[in-house]
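Okay, so here's the structure we're looking at.
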Amino acid sequence: MRTETTVPAEDVVGTSPDDPATSVTVRHCLASVGCMTNTQTAEDLARSLLEAPLPRRWSHVQGVARTARTLTPVLADDTDLLTAAALLHDIGYAPSMNDSGFHPLDGARYLRDTEHADPMLCRLVAHHSCAVIEAEEYGLATQLAHEFKPAPRPLADVLIYCDMTTGPDGQHMTIDQRLADIRERYGPSHPVTRALARAEPHLKAAVARVARKLAASNAPARPVRLVPAVTF
């Protein structure tokens, strides 16, 4: 049950403190370990946290990163940043960093406090795939929004696109296949499934926006064909 009575999470999803933004090309650097937007550094960190304890999660983030690497026509100089975010977005699942129990918040806190990561990278991890809506299910939405601002929508959209078109084993899925898979794995009463019902319009809209940008750039896009909904 949701316990927070502050600004609805959907309103946080729909806003970005950096909008309006037509170009989101920025330079991001880490203080302690060089540049975390160096994708090799990000990959090494993600591997060290996920590969042994959570091999399926490791496969997923590698698939998400593979998609990010294909989006240079949309991302330009931000390709490395989004690839790093793709590799790191699920590190909060690592058993070694269970703090709040909510993986977007725990992962972002680890990057901020332990790796001294660039704030934009932390923001992308903290809010990936409309995380604030799920945070509300656990009474953590206010805390998440207070600690980390949402990333600019063009960047957030791309991470959603990569995550929502990649299955749990790193395989390609349409967004409807991905959403159905999540519902099946978690079951109808789980907070993840409840949050997904509220996040779905935002997730689909983000995927559609990125697909349109890819089409305009003449780059191949992953299909966003809708498939029949799965009933549980």
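Bear in mind that the values in this text are calculations on the coordinates, not laboratory data. Source: prediction; values computed, not measured. Using ideal geometry, Cβ is built from the backbone for each residue, glycine included, and neighbour counts are taken over all protein chains shown.
Quick check: residue separation of residue 66 and residue 172 times 0.36 nm, minus the Cα distance between them. What number comes out in nm?
Computed gain between residue 66 and residue 172 is 37.1 nm.
Obtain the nm distance between the two label points defined at residue 56 and residue 182 by a simple spin-label model: each point lies 7 Å from its Cα along the Cα-to-C-beta direction.
Between residue 56 and residue 182, the simple spin-label model gives 1.6 nm.
Full-extension gain between residue 97 and residue 216, please, as 0.36 nm times their residue separation minus the C-alpha to C-alpha distance.
Additional length available on full extension: 38.8 nm.
For the stretch 91-180, what D do you get in µm² per second when you plug the Kirkwood radius from alpha-carbon pairs into Stokes-Einstein at 25 °C and 0.890 mPa s?
Diffusion coefficient, whole number: 181 µm²/s.
Using Stokes-Einstein with the Kirkwood hydrodynamic radius over Cα pairs, what translational diffusion coefficient do you get for the stretch 9-216 at 25 °C and a viscosity of 0.890 mPa s, in µm²/s rounded to a whole number?
Taking Rh from Cα pairs, D becomes 147 µm²/s.
In percent, what relative contact order does the stretch 118-227 have, based on Cα pairs under 8 Å that are 6 or more apart in sequence?
Computed value for the stretch 118-227: 28 percent relative contact order.
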